[in-house]
1. Could you check how many residues of segment 77-99 are in contact with a Gly (Cβ under 8 Å, 6 or more places away or on another chain), more than 20 Å from Thr56 (Cα to Cα), hydroxyl-bearing (Ser, Thr, Tyr) and buried (at least 17 other Cβ atoms within 10 Å of the Cβ)?
2. Out of the residues in segment 87-117 that are β-branched (Val, Ile, Thr) and part of a loop (DSSP other than H, G, I, E, B), which is modelled with the highest pLDDT?
3. Kindly indicate whether Gln1 is over 15 Å from the mean Cα position of the chain (by Cα), within 17 Å of Leu100 (Cα to Cα) and among the polar types (S, T, N, Q).
4. Find all pairs meeting these conditions: Cβ atoms under 7 angstrom apart; at least six residues apart or on different chains; first residue within segment 26-41 and within 8 Å of Tyr96 (Cβ to Cβ) and touching a residue at least 40 places away in the same chain (Cβ under 8 Å); second residue part of a loop (DSSP other than H, G, I, E, B) and among the basic types (Lys, Arg).
5. Between Ser21, Ser84, which is out of contact with any helix residue (DSSP H, G or I) (no Cβ under 8 Å at 6 or more places or on another chain), modelled with pLDDT of 95 or more, of a type outside the set (Val, Ile, Thr) and in a strand (DSSP E or B)?
Amino acid sequence: QVQLVESGGGLVQPGGSLRLSCAASRRIFAAYNMGWYRQSPGKQREWVATITSSGTETYVEAVKGRFTISRDNAKNTAYLQMSSLNPEDTAVYYCYLHVLHTASQYWGQGTQVTVSS
């Protein structure tokens with residue numbers, strides 16, 4: 001079993017930046033992708049970004065050019081650098097880890113990001 005621990009959420013003004021972290025509880029000896037979804041009140045959970053085991057990054061159109069996902073395999077950790085934040089980015093952000101050969105998927109506990117003046 002793998003636990004994912006998220007950190008880095010909070011309150012930020014429009015135009016500001018935050019960095020989210022997602023750390024796995026143990027080393028994973030298999031190829032895996034990591035990424036984030038987000039959910040705003042009254043809305044469905046929305047995929048935000050993924051970074052593959054080979055380092056390929058993909059983003060939802062709404063965050064392209066503003067968010068950057070990265071990973072540190074030695075630390076079993078992924079990061080989501082968010083810049084130029086706007087109120088529409090307000091949501092609970094959930095990180096995930098997907099092990100490719102088993103299709104196992106793990107979720108973080110979620111971290112609140114609030115963009116408001």
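The values are calculated or read from the model by the stated rules, or taken from the named source; none is laboratory data. Only a predicted model underlies this, so the values are computations on that prediction, with no experimental measurement involved. In this analysis, Cβ positions are derived from the backbone assuming ideal geometry, glycine residues included, and neighbour counts consider all displayed protein chains.
1. Residues that pass the stated criteria total 1.
2. Quick first cut of segment 87-117, residues β-branched (Val, Ile, Thr) only: 90, 92, 99, 102, 111, 113-115.
Next, only the ones that are part of a loop (DSSP other than H, G, I, E, B) stay: 90, 102.
Values: Thr90: 97, Thr102: 88.
Taking the candidates together, the pick is Thr90.
3. On the way: over 15 Å from the mean Cα position of the chain (by Cα): yes; within 17 Å of Leu100 (Cα to Cα): yes; among the polar types (S, T, N, Q): yes.
Yes; evaluated as a whole, the condition is true for this residue.
4. Listed by first residue and then by second, the contacts come to Tyr37/Arg45.
5. Values: Ser84 fails: in a strand (DSSP E or B).
Sole residue among the options that is out of contact with any helix residue (DSSP H, G or I) (no Cβ under 8 Å at 6 or more places or on another chain), modelled with pLDDT of 95 or more, of a type outside the set (Val, Ile, Thr) and in a strand (DSSP E or B): Ser21.
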